[in-house]
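The values are calculated or read from the model by the stated rules, or taken from the named source; none is laboratory data. Bear in mind that the values here come from a model prediction, so they are computed numbers and not experimental data. Heads up, the Cβs are rebuilt from the backbone with ideal geometry, glycines too, and the neighbour counts pull from every protein chain shown.
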Amino acid sequence: MHRSIAPATLAIAAATISLTGCGGSGQTNTTAPPTAESSSAPPTSQPAKTYTNEDLSAIVAGLKDAQGQPLTLVPAAQIDQGLIAAREMLKTAVITPDACGVLFDNNTQVPEGSTYAAGASLAGQAQTATVMTVFAVNDPSVMSAQFEKSAAALDDCSTYTVELKGQKITSELKPLDAEVQADKSLAALTIQTTPEGQKQVCNLTVFGVKGNLAVTAMKSGVVGAVTAADASELAKLVNTALAAG
């Protein structure tokens, strides 16, 4: 895949409905709506806020990474190309255990009417990349349902493998805590290992969702360049974006 498309692939995979640029969650915060038994007030239905791609792009454009660099917006065409490429790639991928396949399926499905924007920054000296996505759907229940569907598969996915074109990569997922101010949130660190036993890539993802708006921050780099301690800087990005929405 061309180098310029890679950030878009990471971005849309991280943002698409919730759940996992790296395939798992560390913390989940949920607030249940009042039931008929617990509240005498009649239920009300608040319409979801509408976001255009331009609205979400403005949020991303106002963000900076931990080094103070503004995020560079990823063109919409590259995001779409990345999503298409990810779908095609998954058609021939073998994911073990099978239950972990739902995590990847959720990350390549975009509900009709969704809007999204992504931005990225590169830290050359540290050899890391930060990818930020902001994603909105028409119906908050769609986002919630996909979140819960993926969460149900997490017990089987602390370690999983993906085999593609004869190459098998094993990923180890480590849940983390992150102070995300959201209805639902997650944080996780994933370390990829080659068949030869070499740990080569580390992905850290922090995610938060409020209503029909989801924000994901992902930091990727070689092992050692990205650590669990970086979760706090990603949580700040997520919180800032959610507050701006």
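Of all the listed residues (Ala136, Ala145), the sole one being closer than 28 Å to Asp80 by Cα, free of Cβ contacts under 8 Å to residues at least 12 places away in the same chain and out of contact with any Gly (no Cβ under 6 Å at 6 or more places or on another chain) is Ala145. Within region 65-79, if we keep just the residues that are in contact (Cβ under 8 Å) with a residue 12 or more places away in the chain and over 11 Å from Ala117 (Cβ atoms), the residue that is surrounded by the most Cβ atoms within 10 Å (Cβ to Cβ) turns out to be Asp65. Among the residues of region 181-195, write down those that are under 13 Å from the mean Cα position of the chain (by Cα) and over 14 Å from Thr216 (Cβ atoms). Hit for region 181-195 is Leu189, nothing else. Residues that are of a type in the set (Gly, Ala, Ser) and either free of Cβ contacts under 8 Å to residues at least 60 places away in the same chain or closer than 22 Å to Lys168 by Cα (or both) within region 198-216 comprise just one, Gly208. For region 164-182, the set of residues classified as at pLDDT 90 or above and acidic (Asp, Glu) consists of Glu179 only. Within region 158-176, does at least one residue satisfy the condition of being surrounded by 16 or more Cβ atoms within 10 Å (Cβ to Cβ), part of a helix (DSSP H, G or I) and of a type in the set (A, V, I, L, M, F, W, C)? Looking through region 158-176, none of the residues is surrounded by 16 or more Cβ atoms within 10 Å (Cβ to Cβ), part of a helix (DSSP H, G or I) and of a type in the set (A, V, I, L, M, F, W, C).
Scanning region 105-159 for residues that are of a type in the set (Gly, Ala, Ser), at pLDDT 85 or above and within 22 Å of Leu90 (Cα to Cα) gives Ser114, Ala118, Ser158. Summed over region 43-85, residues that are more than 26 Å from Asp230 (Cα to Cα) and in a loop (DSSP other than H, G, I, E, B) total 11.
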